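Down below is the structure, laid out as structure tokens.
The values are calculated or read from the model by the stated rules, or taken from the named source; none is laboratory data. The structure displayed is predicted, hence computed values, not measured ones. Note: ideal-geometry Cβ built from the backbone for every residue, glycine included; neighbour counts use all protein chains shown. Just the protein is used for accessible areas: all its heavy atoms, side chains included, with ligands, DNA and RNA removed. Shrake-Rupley method; radii C 1.70, N 1.55, O 1.52, S 1.80 Å.
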Amino acid sequence: MLKEINETTDFLRKRTNFKPEYAIVLGSGLGGLADKVKKEFEIPYNEILNFPVSTVKGHGSKLILGELNGRKIAALQGRFHFYEGYSMQELSFPIRVLKLFGAEKLIVSNACGGVNPQYKIGDLMIIEDHINLMGSNPLIGFNNDKLGPRFPDMSLPYDKTLIQKAKQIANQKQFRCHIGVYAAVTGPCFETRAEYKYIRIIGADAVGMSTVPEVIVARHMGMPCFGISIITDIGGGDQLEAITHEDVLKVARTAEEKVTALVTELIS
Ligand code: HPA
């Protein structure tokens, strides 16, 4: 795998000498960030050597290099999910490449279901810890010590300084913003009521279908991580309403401005 990572990093290096500070995965809630970036270089995923091939047709998946709030960033517009059929290694490959390309820190966003009874639809949640319920791990298989240790520490997956700073920014801006635990499941089903209940009991505040593989790989390579979630629906409890992907997208879009503002200030 290191061979492919190096190949892709060299491929990008031949096209630009840009060195990013931050790798940012533009998940739900950060899509609008792309418009705010002073772009220096852009390339569609399907033109990047060894990159996973996107299954979503006509989806503007691309790597954007540029400046945001005076900081150099590499933005991954469009993420790969486990439920789409990618392996854990495939979907986290871009994070590996961006680290070797120079990115020091990782920022990710996502949409998720709230299981903490205090959470409301549209709230933000800064991720302070996670529970991996995906039944797999991107580090399974041969470990290349050049990338990171066989048994990486996970006692502090999310950077404390970034969490505190983000919370301050959210408070200043008067956003409803919690600090909580994110449980990652494979999807693509939303959870049953019993599953939401279980996820709450084991100590999570929210549940979603992404982020954790990327963070594991980033931590494996020693990158400080920051994650922010948008609570797009409330799981469990006595709610009888069905959840649809459309509802999730609608709430995520509404919260997009808040997440974008928070992350833009966070990196300054
Ligand atoms: N569960 C899992 N993933 C999600 C949810 C949810 O309720 N909402 C948005 N992504």
What dipole magnitude, in Debye to the nearest 20, does the chain give about its Cα centre under +1 on Lys/Arg Cβ and -1 on Asp/Glu Cβ? 680
In square angstrom, what is the accessible area per residue of the range 1-74 with a 1.4 angstrom probe? 51
Apply the Karplus parameterisation 6.51 cos²θ - 1.76 cosθ + 1.60, with θ equal to phi minus 60°, to every residue of the range 95-104 and state each ³J(HN,Hα) to the nearest whole Hz, in sequence, with x for glycine and proline. 5, 4, 4, 5, 5, 5, 6, x, 5, 9
Roughly how much of H178 is accessible, in Å² to the nearest 10, using a 1.4 Å probe? 40
Taking a threshold of 25 Å on the Cα-Cα distance, which of the pairs K14/K72; K19/K167; K3/K165; K38/K120 fall above it? K19/K167; K3/K165; K38/K120
Would you work out which of L68, G27, I169 lies farthest towards the positive end of the dipole of the chain, given +1 charges on the beta-carbon of Lys and Arg and -1 on that of Asp and Glu, about the Cα centre? L68
Going highest first, how would you order 150-158, 25-33, 253-261 by mean Cβ packing within 10 Å? 25-33, 253-261, 150-158
In sequence order, what are the phi-derived ³J(HN,Hα) couplings for the range 108-117 according to the Karplus relation 6.51 cos²θ - 1.76 cosθ + 1.60 with θ = phi - 60°, rounded to whole Hz, with x for glycine and proline? 10, 10, 7, 9, 8, x, x, 10, 6, x
Using a 1.4 Å probe on the protein chains only, how many percent of the accessible area of the range 166-245 belongs to carbon and sulfur? 53
What share of the DSSP beta bridges in the chain is antiparallel, in percent to the nearest 5? 40
Mean ellipticity per residue at 222 nm, deg cm²/dmol - from DSSP H runs of n ≥ 4 across the chain, formula -39500 (n - 2.57): -9500 deg cm²/dmol
P(r) over all Cα-Cα pairs of the chain, 5 Å bins from 0 to the longest distance, whole percent per bin, short to long, reads 1, 6, 14, 18, 20, 18, 13, 7, 3, 1, 0, 0
As straight-line cross-link partners of K250, the qualifying aspartates and glutamates (C-alpha separation under 13 Å, not fewer than 8 residues apart within one chain) are D233
Sorting Y119, F190, N144 by the position of each Cα along the dipole of the range 96-198 (Lys, Arg +1; Asp, Glu -1; all at Cβ), the one nearest the positive end of that ordering is Y119
Accessible area (Å², per residue) of the range 135-225, counting only protein heavy atoms and a probe of 1.4 Å: 51
